[in-house]
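Input: a single structure, listed below in structure tokens.
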């Protein structure tokens, strides 16, 4: 790395933040980790990654922080927290960001940037990062990586919003960071298009894992759940189309086939449900449904799934 | 009762068979009960009914039988078993039926008569009986009656199939039996119409009670489940219409409002699920969906619910 190498901050070092932060640090980047409950464990023992792809990796010592005020200003901020807490996160991001920093929300769902944007300094660039990855936390500072890893990036808002060339350069720069860490990454022409793409996977698998109480293997082995997954994927593609984003039907087939080759995977919403945490229903269901409806498009299966999950979310916690 | 009073056989003395049999016997009818596992308890202690409407009633002694061969020939046979066992039931019904007897299936779902019909003597009349009632079994020979009681009847098949006047007379005769026992009953012009009517209630409440793990009170208190119930009811009305049966939208509103006034009720499918018994998915979901689809009508929410329940049914038992 040269002296111009950007400083990277990881905000929320769970499975997602831990994985990408460790991979970037291992590639030689100057990475700083903000932690809460796991600060002591990570300071003492470092970050552990058990990966079916990269083997067992250990980062130690870790540039770990319990308070944002102690962190140096960062050029890139990768946010791995839940989208349900984005508004509360704004002061932390503003505090840690270097002038003109890029904030990447490594979160699922539609328009998760919107609630945050109003609370961020206008000079900061806000990007969406869509992670195609199977990871989960197995203990303090311990991340299990089951499969994949790709991050697709799209520009959301900031001072380059009206300058396509500069916008594209920022997104390409972000993709290049991941490439240097051995991670696939694609610069997408629009953050909305990128987020609708990811919804093709999230809408069926996240919700059904809660409703059916199971992981991807059982869902992919049963004729009824396979049909339901495919029908839900088709509705997401239809909703995206109504909102002006073209996703080819072959993309849904690809996601379906890809899930078939994966080891059993329990989506994040399954873990949230088991641990009685709020489900990310607004980002993954309510906002896409509202956007489609505003475009005159009904998505009845997705709506029924959302209504059932809303009931469960309210009664289970 | 006169000597012409018909002899009534109750086939399957669970909550439904027990309730109607006891009420008919109490009204003076000659009622004979076929039992299986509860034969000894009912022979010894009789049948108990704890009803919010009729108070605590006790029928003792009971004309109870463990074997169909021991029963006298009956003019009316009321069948309270699960629709999933109808084919196996045919020899029993043929054995117990007096010449020209009327067999009434007190079961939910569409076309539950079809599988049985081919195995019955042609001289027997087959009717559908749709019970609007909240009952459950709380012990051997003990029935808890929470609410309602109406039985709507429709002629399915038999030697009066092509004789509308005779068909109507038979259905009216059946309704009169229930009336004499203090039970509301309506003769319906078509068993299919009667069954589609009942589906307006069964499709949402039975399936959602399993999916959401709850009874009617919680479902009626939550905005999301209320919307889902209403959307499912509207789909059933639409499916009935496609199949040539008109159900006014006000009927769905009525069922919804009626459920709101009921004490908490756990539908039969909830109990089947908890006891790991097969769910009545063919009768309540698959056949109505197939009939609607054959008429060119898609019911996406009902189909999604059916697919989720099919998965649960296969994996839970």
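What follows draws every value from the coordinates through simple rules; no lab data is involved. All values derive from a computational prediction rather than experimental measurement. Here the Cβ is made from the backbone with ideal geometry for all residues, glycine too, and neighbour counts use every protein chain on show.
Remarks
- Among beta bridges identified by DSSP and lying wholly in chain A, the antiparallel ones come to about 40 percent.
- Using alpha carbons only: equivalent-ellipsoid semi-axes of chain A, gyration tensor based, whole Å: 30, 23, 18
- Cα gyration tensor category, rounded, prolate or oblate, for segment B:125-266 with a/c compared to 1.5: oblate
- Each Cα pair under 8 Å and six or more residues apart adds its sequence gap; the mean of these over the residue count of segment A:7-189 is a relative contact order of 22 percent.
- Per-residue Cβ neighbour rank within 10 angstrom, fewest leading, A:306, B:20, B:39: B:39, A:306, B:20
- Segment A:203-287: C-alpha gyration tensor shape, a/c 1.5 cut-off, then a/b vs b/c: oblate
- Cα gyration tensor shape for the protein assembly as shown, rounded if a/c is under 1.5, else prolate or oblate: prolate
- The per residue volume of the convex hull around the alpha-carbon atoms of segment B:56-111 is 122 Å³.
- Segment A:266-317-segment B:168-213 distance, computed between alpha-carbon centres (Å): 35
- Euclidean distance of C-alpha centroids, segment A:1-59 and segment B:67-84, integer Å: 71
- In plain terms, the C-alpha convex hull of segment B:1-58 casts an average shadow of 4.2 nm² when viewed from every direction.
- Relative contact order computed over segment A:205-288 (Cα-Cα under 8 Å; 6+ residues apart), in percent: 42
- Residue order, fewest to most beta carbons within 10 Å, for B:53, A:151, A:79: B:53, A:151, A:79
- At an R0 of 25 angstrom, the distance between the Cβ atoms of residue B:161 and residue B:54 translates into a FRET efficiency of 0.10.
- Across identical copies of the chain, residue B:189 has label-point separations of 5.8 nm, listed in ascending order, with the point defined 7 angstrom from Cα along Cα→Cβ.
- Length-normalised contact order for chain A - Cα pairs under 8 Å, 6+ apart - percent: 15
- Neighbouring Cβ atoms from other chains, within 10 Å of the Cβ of residues in A:220-229, number 5 on average.
- Other protein chain C-beta atoms within 10 Å of residue C-beta, averaged over B:289-301: 1.
- Here segment A:7-189 is treated as an ellipsoid with the same Cα gyration tensor; its semi-axes, largest first and in whole Å, are 25, 18, 14.
- Computed [θ] at 222 nm, deg cm²/dmol, the protein assembly as shown (DSSP H ≥ 4; -39,500 (n - 2.57); rounded to nearest 500): -14000 deg cm²/dmol
- As a proxy for reagent exposure, B:178, B:256 were ordered by neighbouring Cβ count within 10 angstrom, fewest first; the result is B:256, B:178.
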